[in-house]
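Chemist: Quick one: structure below, then a few questions.
The values are calculated or read from the model by the stated rules, or taken from the named source; none is laboratory data. In this text, all values refer to a predicted model and were calculated from it rather than measured experimentally. Here the Cβ positions follow ideal geometry from the backbone for every residue, glycine too, while neighbour counts run over all protein chains shown.
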Amino acid sequence: MQPGQRNFLEKTLQEGYHLCMHENRTLPIQIPLSKALLKKFGSLLRKKYRSKHQLFIAEGARTVEQFLIRMKPAVEAVIVSTDFEGDDFYSAICAAHQIPVYSCTSESFRQLSDTANPQGILAVCKCMSPGLSGNTPLPNGSLYLALDDLQDPGNLGTIYRTAAWFGVSGLLLGTGCADFYNPKVIRSTAGATGTLPFSETDLLTALPRFEARGAEILLLDLNPGARPLHEVAGNRAGLKKESRSPLLLVTGNEARGISQALRERYPAVYIQGMPEQVESLNAAISTAIALYALTDPESLNQG
């Protein structure tokens, strides 16, 4: 944990204790989880019921901690197993913001978890508004990312977290992508959920709208006519930020790459490597390399 993060965590913890002491709030008593809530929250492991209830599960101590720090209004409840050995942080923050804390047996907790070795704590959270629409302004020099049929939840979560770190302005999830609220996606974001506007959309419809507002569309794909990524990145780096057009980078399916319909419409770039030794890079790794190459150098220097 970086010093700034540690200070922020300590400040948040102190805030929780302050409210408990000065507003006559006590640390929450853990409420036994009823069978009805166990059934409801357990159903959130399936996309159908996440959509129905507009709720999702954020599991693990680190993930819950980040939600309580950064996204307290989204947290509906915290659930702990009776053998969870946590500190006072969760209790203090939940008390300060009147978030109910439920407890259940480790056996019941496993019905809420999709991990082999549950840590014994999770949060039930409200689904967020997408935050990225067809009318979203596209400032010069801004960078956007679109995913075309990216199906692995771990890749989606990792790419989301990486994009947030590089200051990407928004994320488009095309048809066929993993569900954003899949528990594995949420865990893979490592608490970055909510930091990056996103939208679930049909890329064949969405990309022309971005293009009409001045965005340059580039596919991260090795196909005939593709240009080396470093050439494109070098050309953009030679321009001042206000002179660079908005850029939308598209990453494709883990096995098939970019769909043929998009290949026929937009130019592509590729990452030069050693194809004789390695067939291809993981989708999350290649996206991270591309984002690093295309990110404004001034933004990186400020990080």
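Chemist: So residue 272 clears everything in (1) out of contact with any strand residue (DSSP E or B) (no Cβ under 6 Å at 6 or more places or on another chain); (2) exposed (fewer than 13 other Cβ atoms within 10 Å of the Cβ); (3) assigned to a loop (DSSP other than H, G, I, E, B) except one condition, right? Which one?
Modeler: Only one criterion is unmet by residue 272, namely (1).
Chemist: On to the next question. Might you let me know whether region 124-138 holds any residue that is in contact with a strand residue (DSSP E or B) (Cβ under 6 Å, 6 or more places away or on another chain), crowded, with 16+ Cβ neighbours inside 10 Å and at pLDDT 95 or above?
Modeler: Checked against the condition, which is being in contact with a strand residue (DSSP E or B) (Cβ under 6 Å, 6 or more places away or on another chain), crowded, with 16+ Cβ neighbours inside 10 Å and at pLDDT 95 or above, region 124-138 yields at least one hit.
Chemist: Only residues that are assigned to a loop (DSSP other than H, G, I, E, B) and either hydrophobic (A, V, I, L, M, F, W, C) or free of Cβ contacts under 8 Å to residues at least 40 places away in the same chain (or both): list them for region 138-163, please.
Modeler: Selection gives 138, 150.
Chemist: May I ask you to verify whether residue 78 is in contact (Cβ under 8 Å) with a residue 40 or more places away in the chain and in contact with an Asp or Glu (Cβ under 7 Å, 6 or more places away or on another chain)?
Modeler: Taking the combined requirement at face value, the residue does not satisfy it.
Chemist: Something else about it: Got a number for residues in region 193-212 being touching a Ser or Thr at 6+ places or on another chain (Cβ under 9 Å) and assigned to a loop (DSSP other than H, G, I, E, B)?
Modeler: The qualifying residues number 6.
Chemist: Then there's this: So residue 295 clears everything in (1) of a type in the set (S, T, N, Q); (2) at pLDDT 95 or above; (3) surrounded by 15 or more Cβ atoms within 10 Å (Cβ to Cβ) except one condition, right? Which one?
Modeler: (2) is the only condition that residue 295 fails.
Chemist: While we're looking at this one, here's another question. Residue 157 - would you say it is surrounded by 15 or more Cβ atoms within 10 Å (Cβ to Cβ) and in contact with an Asp or Glu (Cβ under 7 Å, 6 or more places away or on another chain)?
Modeler: No.
Chemist: All but one of (1) under 26 Å from the mean Cα position of the chain (by Cα); (2) outside any helix (DSSP H, G or I) hold for residue 50, so report the exception by its number.
Modeler: Of (1) under 26 Å from the mean Cα position of the chain (by Cα); (2) outside any helix (DSSP H, G or I), only one is false for residue 50: (2).
Chemist: Let me ask something additional. Condition first: of a type in the set (D, E, K, R) and either part of a loop (DSSP other than H, G, I, E, B) or under 21 Å from residue 56 (Cβ atoms) (or both). Now tell me which residues in region 70-122 satisfy that.
Modeler: 70, 72, 76, 83, 85, 87, 110, 114, listed by residue number.
Chemist: Starting from residues that are in contact (Cβ under 8 Å) with a residue 12 or more places away in the chain and assigned to a loop (DSSP other than H, G, I, E, B), keep the ones in region 213-230 and report whichever is surrounded by the fewest Cβ atoms within 10 Å (Cβ to Cβ).
Modeler: The extreme case among them is 225.
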